[in-house]
Amino acid sequence: MNYILEAEGLNTFYGRSHILFDVNLSVYPGETVCLMGRNGAGKTTSFRSIMGLTPPKKGKVIFKGKQCTGMPSYKMARMGMGFVPEDRRIFGPLTVRENLELGKIPGRKGRWTMETVLEHFPTIELCRDRLGGSLSGGEQQMLTIARALMGNPDLLVLDEPTEGLAPVIVAVLKELIRSLKSAQTTILLSEQNIRFAMGVSDRVVVIDKGHVVYTGTMEEFRKQEAVQKTYLAV
Ligand code: ATP
């Protein structure tokens with residue numbers, strides 16, 4: 001099977017600071033891959049490099065067989081990459097439905113419509129007429145994921161979806177991601193929450209100080225206590 005996403009040898013800088021060093025990361029269709037690492041390890045920078053928001057100085061990004069290194073993020077979105085950034089960016093003065101409408105991408109059609117998205121996200125359905133700004137952190141996180149699905153992405157990229165959420169909401173999010181997986185959604189996410197990652201991912205890539213230090217299946221990773229202790233907060 002061919003990868004849907006391949007990032008090869010990414011080297012990314014902020015000004016003169018070299019942040020990513022030869023980062024390799026790949027995703028097969030239908031998989032959930034988790035990029036794990038501590039605060040500041042380089043997870044967000046990896047996703048920004050892939051999305052063309054901070055293009056890498058060296059390295060390649062291949063999405064659906066096409067070279068798209070440094071391609072602007074709106075073009076990546078049109079190609080089917082649905083990015084949910086860490087800072088959520090809900091439009092506060094717009095209703096939940098209006099926020100969802102904004103997730104539509106011209107030319108991209110598929111199983112996700114307003115109806116199917118609301119069916120899949122009962123929490124969002126319940127507050128569909130409320131203003132985005134009045135939602136709780138957990139509801140906002142669900143809304144950003146739901147909004148990304150409105151663009152019928154081939155790959156959903158979630159940057160630290162559990163950040164700042166209460167444990168009970170994290171549990172709801174886990175169920176949601178599992179249900180998206182069973183609906184054959186391909187997901188790349190980043191996490192520091194090791195238990196959450198273990199509950200949803202098929203494969204793991206661990207990053208530390210901008211270097212990939214471990215890649216393996218979740219089954220293998222569970223036995224890697226030394227890797228977990230050294231590179232993640234356990
Ligand atoms: P976090 O959980 O804090 O988001 P992360 O693993 O996503 O961590 P990055 O945000 O990718 O990490 O940061 C990687 C490194 O790049 C850190 O050392 C950070 O201080 C640095 N960095 C991030 N953004 C910038 C920037 N705009 N300018 C300079 N350095 C930056």
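Tabulated results
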quantity	calculated
Among residues of segment 2-29, those that are touching a residue at least 60 places away in the same chain (Cβ under 8 Å) and within 21 Å of ILE194 (Cα to Cα), counted	4
Top-ranked residue of segment 58-74 - restricted to ones that are hydroxyl-bearing (Ser, Thr, Tyr) and at pLDDT below 95, ranked as nearest to the ligand (Cβ to nearest atom)	SER73
Residue within segment 192-205 that is open to solvent by less than 50 Å² (accessible area, probe 1.4 Å), in a strand (DSSP E or B), on the phi < 0 side of the Ramachandran plot and in contact with an Asp or Glu (Cβ under 9 Å, 6 or more places away or on another chain) present	yes
Considering residues of segment 124-175 that are in a helix (DSSP H, G or I) and small (Gly, Ala, Ser) only, the residue farthest from the ligand (Cβ to nearest atom)	SER134
Tally of residues being in a loop (DSSP other than H, G, I, E, B) and open to solvent by 30 Å² or more (accessible area, probe 1.4 Å) across segment 91-112	12
Qualifying residue in segment 3-24 (condition: touching a Gly at 6+ places or on another chain (Cβ under 6 Å), loosely packed, with under 15 Cβ neighbours inside 10 Å and outside any helix (DSSP H, G or I))	yes
Some residue of segment 34-57 being more than 16 Å from the ligand (Cβ to nearest atom), within 17 Å of the chain's Cα centre (by Cα) and among the charged types (D, E, K, R)	no
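The values are calculated or read from the model by the stated rules, or taken from the named source; none is laboratory data. Everything quoted here is computed from the prediction, not taken from an experiment. Here the Cβ is made from the backbone with ideal geometry for all residues, glycine too, and neighbour counts use every protein chain on show. Accessible surface areas use protein heavy atoms only, side chains included; no ligands, DNA or RNA. Shrake-Rupley method; radii C 1.70, N 1.55, O 1.52, S 1.80 Å.
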